[in-house]
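Heads up: the structure comes next, in structure tokens.
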Amino acid sequence: MAALPATAAASTVRGACPHDCPDTCALVTTVEDGVALRVQGNPLHAPTAGVLCNKVSHYTERTYHPERLLQPMRRAGPKGSGRFEPVSWDAALDDIAARLSAIAARDPQAILPYSYAGTMGLVQGESIAARFFHRLGASFLDRTICASAGAEALTQTLGGKVGMKVEFFAEAKLILIWGSNSIASNLHFWRLAQEAKRNGAKLVCIDPRRSETAEKCHEHLQLLPGTDAALALALMHELVVNGWTDEDYLARHTSGWDALRERALRWNPQRAAAVCGIPAQQIRDLARDYGTTKPAAIRLNYGMQRVRGGGNAVRAVACLPAITGAWRHRAGGVLLSSSGYFPSDRAALQRPDLLAGRKPRTVNMVTIGDDLLRPSSPQFGPAIEAVVVYNSNPVAVAPESGKVVQGFAREDLFTVVLEHFRTDTADYADYLLPATTQLEHWDIHGSYGHTDVLLNQPAIAPRGEARTNTDVFRALAARMGFADPCFRESDESLCRIAFGNNVDFDVLLAQGFASLDVPDAPFANGNFPSASGRCEFFSPALARQGLDGLPDHVPNYEPAGSSQRYPLAMISPPARNFLNSTFVNLQSLRDIEGEPLLEISAADAVARGIDDRQVVRVFNDRGEYLCRARISPRARPGVVNGLGIWWRKLGLAGTNVNQLTSQRLTDLGRAPVFYDCLVEVQPA
């Protein structure tokens, strides 16, 4: 990156990338005459190193987009039509408050917040918003749509969402990149992996798709979706029978090894190969590499836990470093998430005490399609009468989107959406409220890919009439008579209390980031954050719930090859230039992606009379989706890759890939099973 400008006319403001990515980059925005000219990576922040992905490099294009929402809007046509009329903030907020108050007078649980990681910030995410819904007594939202299966698995194995420090991957001699297209979704880790590769490390990718990352690795194990636990257990089998285990580490720092060892010995490479759809020799070779190379590191990502057995799969992989003693080295171990290291004071931010003893029901965000259509009952409680959506686009991102659309189309459902653009969900709003972008507000961020806290300071004034999420919920609280002083705290004050005395706020103000004090090799001598202080192969907590205390292979709900009607397994990884449904409306990025694509193997295409670039119909009992076929070696026979997540309205026929995915949940963590999905494909 070029030297940051320092002229009388221009200034620079430090910030943080708000998006759902493990890299959590430090930003520097150059501002002149109140206009943000460009957004760059902060060269002083080691994990960012002055580099941004192609998506966030276009952030000014997002902030100054001609279709940016800049004033409140009220619905002026049928739901879903996208017809709105301008309205004043006072008129909008008065009516919203009145309608929410009327519903709350009957039962506040009929009101549901719906939010996720449109921003990862602790302030514009769940601070004043959480206080508002706690004070109201609204239904809780179980925020599980991305990572909760893996999070629960780490917690039940290591004791928390913890792992190796990302910078030490550069020193590893073997790196397993498991369920991750790092080039597209974890760019700054990929830089470290490349450094290790230049220093002689071997890179192995484990992924059902031959991704851009897989192409750049020495080896690629292209297993069937949902078979990762079988592979991990077979690796354990080989570690045991070849004597590649660290018996001293196992004795001192683990629990449940005898039982896990017995289970692993039932998973020889031939058995796992039949389940995974890969050669047994690949498994033996990988086990030899992993058992004999020091230090060996595993970079997991969340794709592999989006199947029925996703939690068990993450548990199985997370056990591997303790079996070989890889944790003894700072460049050994596993990293899925580092977020458990961050000492944020969420109770201070979210104020659950405002519930005042009430215990509202919980609605899982994954099952919003069914739940919006569910009538009142003693089991469910009141029918959902109002939804307030912020930091999310459920009509595009939630599974079985045909039902999600049906639910949001209810004329008797009152819907408020806080947004930057007229997304698929915005089209169903009764009120559409313009939100600030990251360049226009205060926020503070942890990370799940490194161990630095980042502060985001506003670089420019809010455009048009846009307001921060926090200001919207403060205004609603005032109109609904919530006089608690906590609703008057400023955003800067909220940033200060987020980590309290655990992080020096003056350091954050001065340089934009502050590093946590995390040991270089956190589990070299055990000291896991579990109840026992050990890596728990056997989880007593899971056993107490009546679940299997040991990790095991849990087959998909819809295993590849199990259906004659729907013989193809489909996964739906993100298109390289989108981040979930964010950035889809940026023309420069959409031009790169072209159209919604389905990658299909040559063998599967020939069998169905499908030509390259032909429009195809992808379907199952849940719905159908039109997209363009790409005959590609990225897809293995029997598996198709539906790249997402396109906005429905920008697709070929008003739907996207989530028309096909199901609302079933994972074994642990109550998470979605986006990659556990059978389909058939035909020429359209």
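Observations on the model:
- Note on the stretch 271-388: Kirkwood radius taken over Cα pairs, Stokes-Einstein applied at 10 °C and 1.306 mPa s, translational D equal to 83 µm² s⁻¹.
- Accessible area of the stretch 115-173 belonging to carbon and sulfur atoms, whole % at 1.4 Å probe: 52 percent
- Highest mean packing first, where packing is the average number of other Cβ atoms within 10 Å per residue, the peptides 147-158, 162-173 line up as 147-158, 162-173.
- Taking only protein heavy atoms and a 1.4 Å probe, the accessible area of the stretch 327-459 is 50% carbon and sulfur.
- Residue-averaged 222 nm ellipticity for the chain, from DSSP H runs of 4+ at -39500 (n - 2.57), nearest 500: -7500 deg cm²/dmol
- If you take all other residues with their beta carbon under 13 Å from the beta carbon of Thr213, and give Lys and Arg +1 and Asp and Glu -1, the sum is +4.
- The relative contact order of the stretch 21-145 comes to 13 percent, based on Cα pairs under 8 Å that sit 6 or more residues apart.
- Segments 585-592, 470-477, 302-309 sorted - mean Cβ within 10 Å per residue, highest first: 302-309, 470-477, 585-592
- Neighbourhood charge, 9 Å Cβ-Cβ cut-off, centred on Gly137 and excluding it, Lys, Arg +1 and Asp, Glu -1: +1
- One quarter of the surface of the convex hull around the alpha-carbon atoms of the stretch 125-235 equals 9.4 nm², the direction-averaged projected area.
- Treating each Cα of the stretch 43-129 as an identical point scatterer and summing with the Debye formula, the log10 of I(q)/I(0) at q = 0.13 Å⁻¹ comes to -0.76.
- For the stretch 264-280, 3J(HN,Hα) per residue [Karplus equation, 6.51 cos²θ - 1.76 cosθ + 1.60, θ = phi - 60°, Hz, x = Gly/Pro]: 4, 5, 8, 10, 6, x, 5, 5, 5, 4, 5, 6, 7, x, 10, x, 4
- Distance between the pseudo-spin-label points of Ser515 and Asn54 (7 Å out from Cα toward the beta carbon): 3.2 nm.
- Karplus-derived HN-Hα couplings along the stretch 459-468 (A = 6.51, B = -1.76, C = 1.60, θ = phi - 60°), whole Hz, x at Gly and Pro: 8, 9, 6, x, 6, x, 9, 4, 10, 5
- For Val389, the residues 5 or more places off, or on other chains, whose built amide H falls under 5 Å of its own are Tyr114, Val416, Val417, Leu418.
- When peptides 425-432, 600-607 are ranked by their average number of other Cβ atoms within 10 Å per residue, the highest-first order is 425-432, 600-607.
- Under-5 Å amide H pairs with Leu174, H placed in peptide plane, nonlocal only: Lys202, Ala297
- Residue-wise HN-Hα coupling along the stretch 26-40, computed from phi with Karplus coefficients 6.51, -1.76, 1.60 (Hz; x: Gly, Pro): 7, 10, 10, 9, 8, 10, 9, 6, x, 10, 6, 7, 7, 10, 10
- Length available on full extension from Ala356 to Ala9: 0.36 nm per residue minus the Cα-Cα distance, which gives 119.7 nm.
- Residues of the chain: accessible area per residue with a 1.4 Å probe, Å²: 35 Å²
- On Cα atoms only, tilt of 187-198 relative to the major axis of the chain in degrees: 30 degrees
- In plain terms, the chain from Arg544 to Leu70 could stretch by 165.4 nm, reckoned as 0.36 nm per residue minus the Cα-Cα distance.
- Here Lys649 is the anchor, and the aspartates and glutamates within straight C-alpha reach of less than 14 Å, apart from those fewer than 8 places off in the same chain, are Asp424, Asp427, Glu595.
- Each Lys or Arg adds one and each Asp or Glu takes one away; over the other residues whose Cβ falls under 11 Å from the Cβ of Arg330, this sums to -1.
- Between 0 and 90°, nearest 10: helix 310-324 axis offset from the chain longest Cα axis: 50 degrees
- Percentage relative contact order, the chain, counting C-alpha pairs under 8 Å, at least six apart: 21 percent
- The stretch 645-684 and the stretch 234-294: distance between their alpha carbon centers, rounded to Å: 34 Å
- In terms of distances greater than 30 angstrom between alpha carbons, the cross-link table entries Lys165/Lys202; Lys55/Lys294; Lys165/Lys216 yield Lys55/Lys294.
- The equivalent ellipsoid of the stretch 557-631 has semi-axes of 25, 16, 10 Å, largest first, where each one is the square root of 5 times an eigenvalue of the Cα gyration tensor.
- By the equivalent-ellipsoid construction on the alpha carbon gyration tensor, the chain comes out with semi-axes of 39, 30, 26 Å, ordered largest to smallest.
The values are calculated or read from the model by the stated rules, or taken from the named source; none is laboratory data. Nothing here was measured: the structure is a model prediction, and the numbers come from that model. We place every Cβ from the backbone using ideal geometry, glycine too, and count neighbours over all the protein chains shown. Quick note on the areas: whole protein, heavy atoms, side chains included, nothing else; ligands and nucleic acids left out. Shrake-Rupley method; radii C 1.70, N 1.55, O 1.52, S 1.80 Å.
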